[in-house]
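The values are calculated or read from the model by the stated rules, or taken from the named source; none is laboratory data. This structure is a prediction, so every number in the text was calculated from the model and none was measured. Cβ atoms come from the backbone with ideal geometry, glycine included; neighbour counts cover every protein chain shown. All accessible areas refer to the heavy atoms of the entire protein, side chains included, with ligands and DNA or RNA removed. Shrake-Rupley method; radii C 1.70, N 1.55, O 1.52, S 1.80 Å.
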Amino acid sequence: MTLSLLIDNDVLIKCACYSMLDQIRPPGEDGEAGVLGAARFVVGDYLERRGQINDRPSALHRFQAYLATVLRLEPTEEELALASEIEETAMQLGLDLDSGESQLCAIAVLRLSPLLLTGDKRAITGAESLQKDIAALSSLHGRVACLEQAILGIANRIGVLVARSLICAEPAIDKSMSICFECHSSNDRADFSVDGLVSYIRDLRAQAPTLLYGPNAL
């Protein structure tokens, strides 16, 4: 099977905490998901020691189990060179694209543009702006998805109220997600909707109109 979805560390951390890692789906029926090889250490260390996580052991266990089901990727020399160009140009222009996001962008470009799923909205808007300086990034048109699109897709599959209960069990993990799912509200209404997620996606689409994945839900 071919690589069809790249997942960044931020998404891995948050979805491990939300007990949603195994619900992330590559677009279409075929293909595999991949993560950077360094995620084993970076994400593992975060889940073990950092952040405000209510059930740290379970989040770490879920992540370690998920690693066995995905491809662990090491960038090639060509990918590292492109990643370095992306990161250095971003720094010169004052844009937010760290080494991990730059490597994932480079891998997505050079490995037939699999979809890149990232929790870093600043990286998405940064990559959007960088296209005029790094033409290779234009191959990612419609191939970058945000965390909100993944969560919306998961909520559609498992049910909005089930998704809400999973996210609100870890309300400190992502402030925006907790706001969208009204985690600090005592109102447990049956007609709760995910309109807040759609609003975040629309706002991001206005800032990254060419790169952001087309459908609202992944």
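Tabulated values for the structure
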{"read-out": "Sequence-distant residues sharing a close amide H with L73 (under 5 Å, placed H)", "value": "V35, L36, G37"}
{"read-out": "Span from the the range 193-218 Cα centroid across to the the range 64-95 one, whole angstrom", "value": "24"}
{"read-out": "Area of V160 that stays accessible when all protein chains are in place (1.4 Å probe, Å², to 10)", "value": "40"}
{"read-out": "For the chain, calculated [θ]222 nm from helices alone, where every DSSP H run of n ≥ 4 adds -39500 (n - 2.57)", "value": "-15500 deg cm²/dmol"}
{"read-out": "Dipole magnitude (debye, nearest 20) for the chain, charges at Cβ of Lys, Arg, Asp, Glu", "value": "560"}
{"read-out": "Within a Gaussian network of the chain (alpha carbon springs, distance under 10 Å), most fluctuating of E77, E101, E128", "value": "E77"}
{"read-out": "Largest-first principal axis extents of the Cα set of the range 125-172 (Å)", "value": "43, 24, 9"}
{"read-out": "³J(HN,Hα) computed for each position of the range 4-18 - Karplus, 6.51 cos²θ - 1.76 cosθ + 1.60, integer Hz, glycine/proline x", "value": "10, 8, 9, 10, 7, 5, 4, 5, 4, 4, 5, 6, 5, 5, 7"}
{"read-out": "Charged-residue dipole, Cβ positions (Lys, Arg, Asp, Glu), the range 51-138 about Cα centre, Debye nearest 20", "value": "500"}
{"read-out": "Cut-off under 5 Å, modelled amide H: who pairs with G31 long-range", "value": "T2"}
{"read-out": "Ratio of the Cα radius of gyration of the range 97-218 to 2.2 N^0.38 Å, where N counts its residues", "value": "1.15"}
{"read-out": "Positive-end residue of L137, H184, A169, charge dipole of the range 103-185 with Cβ unit charges", "value": "L137"}
{"read-out": "HN-Hα J in Hz across the range 106-120 - Karplus 6.51, -1.76, 1.60, θ = phi - 60°, x for Gly and Pro", "value": "5, 5, 4, 5, 8, 10, 6, 6, x, 5, 9, 10, 9, x, 9"}
{"read-out": "Charge context of C15, other residues only, Cβ under 13 angstrom, K/R +1, D/E -1", "value": "-3"}
{"read-out": "Percent carbon-and-sulfur accessible area, the chain, ignoring ligands, DNA and RNA, probe 1.4 Å", "value": "49"}
{"read-out": "Matching label, Rg and Dmax of the Cα atoms in Å computed from the structure shown, candidates [x] 16.8, 53; [y] 16.0, 47; [z] 22.2, 82", "value": "[x]"}
